[in-house]
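Here is the structure we will look at, set down as structure tokens.
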């Protein structure tokens with residue numbers, strides 16, 4: 001499910017505020033609802049789709065309200081999926097309305113309340129401190145996704161408090177509490193083991209901070225809390241699928257005809273932007289999305305880093321990119337062509353044609369246009385996203401026989417555990433390798 005939030009600037013009130021609108025897109029359906037909250041445009045962060053954290057804006061109350069709505073929508077879809085049915089609009093609307101109107105929205109806390117020692121205010125103090133603490137040698141602030149995860153964990157604990165009718169206390173969070181929270185997450189909400197593990201991992205970090213840096217009494221059992229994780233299937237393209245994508249010819253008459261059919265067929269899901277583009281511009285946009293995805297496949301870069309990788313970072317047969325977005329590492333990426341990976345050929349097509357001399361120009365709404373590419377080549381077993389490109393690089397480089405350590409220098413992973421989460425399976429290649437090695441052994 002894709003959830004977006006925007007201000008209805010076309011309906012500004014006389015006091016200068018605008019209503020926040022929620023849009024839910026899932027399984028070919030779309031639902032728009034008012035969030036029941038208004039805010040001034042200067043207090044709205046369009047990129048993060050939330051109220052800016054400033055003294056003049058009611059950020060705490062409204063953002064909590066928006067997060068509740070998003071969680072309610074996601075849980076409603078998950079519940080319907082577990083029952084083997086599609087989520088109807090009426091059911092989603094009822095779930096979101098319940099989260100918005102049946103649960104009271106806490107007022108913006110006063111300065112005295114913000115300095116209280118309650119669980120929520122203490123966690124907010126911790127999050128605020130972590131957000132503004134410089135990271136590494138670069139001194140960059142915390143990534144927005146990391147902050148969002150910490151706020152999501154806090155909201156989950158607040159929901160737990162309400163569900164149980166209790167107030168959390170760090171002095172009483174013992175193993176019995178841990179087991180009850182596990183039951184709440186896994187059995188009552190039906191959340192995955194990895195989601196539960198992430199919340200517990202953040203909780204333990206928070207409790208360590210409260211004990212070590214704030215000198216507060218924390219129940220000693222927290223050290224025994226385990227943050228379980230279960231590795232699921234990693235989606236990555238096979239060699240055959242990567243060839244299919246790379247060999248797409250957008251100037252081929254049959255391909256262009258198919259694209260025009262898809263443009264009409266997918267028009268509703270692509271939104272009004274499609275109508276504002278000519279057919280030629282739309283096809284060019286699809287091709288750029290394909291090429292941006294190939295850049296991620298050929299280099300292993302996250303999309304945020306791919307959007308700044310430029311010719312100035314090329315040193316001979318290497319791309320050397322410093323301060324990568326998530327872990328601030330310097331990565332060393334092979335920049336030469338072989339039968340499967342063709343980063344040089346791809347970059348040469350855009351040389352001197354890209355703003356800032358990027359290897360491949362930035363493409364807005366890449367993942368959205370990758371849906372067209374996916375339909376074009378007939379890939380149905382996974383959903384193409386730029387993150388699949390990074391996993392494809394890791395997986396296929398391993399099958400090429402490149403050592404894990406060298407690939408980690410290209411991806412910037414610091415631990416094998418983090419790296420392994422990106423290793424997928426090319427089933428056909430796997431069978432071929434087993435058979436080839438078995439034949440060698442038999443011949444010997």
Scope region 1-38; condition more than 21 Å from residue 368 (Cα to Cα), touching a helix residue (DSSP H, G or I) at 6+ places or on another chain (Cβ under 8 Å) and either exposed (fewer than 15 other Cβ atoms within 10 Å of the Cβ) or not assigned by TED's automatic domain parsing to the domain that holds residue 76 (or both); matching residues: 9, 16
All helices (runs of 4 or more DSSP H) inside region 163-257 with 1 or more residues being touching a residue at least 12 places away in the same chain (Cβ under 8 Å) and closer than 30 Å to residue 386 by Cα: 193-212, 239-246
Some residue of region 286-294 being part of a loop (DSSP other than H, G, I, E, B) and either over 22 Å from the mean Cα position of the chain (by Cα) or free of Cβ contacts under 8 Å to residues at least 60 places away in the same chain (or both): no
In region 229-264, the residues that are surrounded by 13 or more Cβ atoms within 10 Å (Cβ to Cβ) and under 30 Å from residue 169 (Cα atoms): 229
Selected residue (criterion: modelled with the highest pLDDT) from residues of region 415-444 that are outside any helix (DSSP H, G or I) and out of contact with any helix residue (DSSP H, G or I) (no Cβ under 8 Å at 6 or more places or on another chain): 415
Scope region 305-329; condition without any contact (Cβ under 8 Å) to a residue 40 or more places away in the chain and assigned to a loop (DSSP other than H, G, I, E, B); matching residues: 316, 317, 322
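This table checks each residue for (1) touching a strand residue (DSSP E or B) at 6+ places or on another chain (Cβ under 9 Å); (2) at pLDDT 90 or above.
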{"position": "310", "(1), (2)": "yes, yes"}
{"position": "314", "(1), (2)": "yes, yes"}
{"position": "318", "(1), (2)": "yes, yes"}
{"position": "323", "(1), (2)": "yes, no"}
{"position": "335", "(1), (2)": "yes, yes"}
{"position": "342", "(1), (2)": "no, yes"}
{"position": "347", "(1), (2)": "yes, yes"}
{"position": "357", "(1), (2)": "yes, no"}
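The values are calculated or read from the model by the stated rules, or taken from the named source; none is laboratory data. The shown structure was predicted, so the numbers you read here are calculated from the model rather than taken from an experiment. Here the Cβ is made from the backbone with ideal geometry for all residues, glycine too, and neighbour counts use every protein chain on show.
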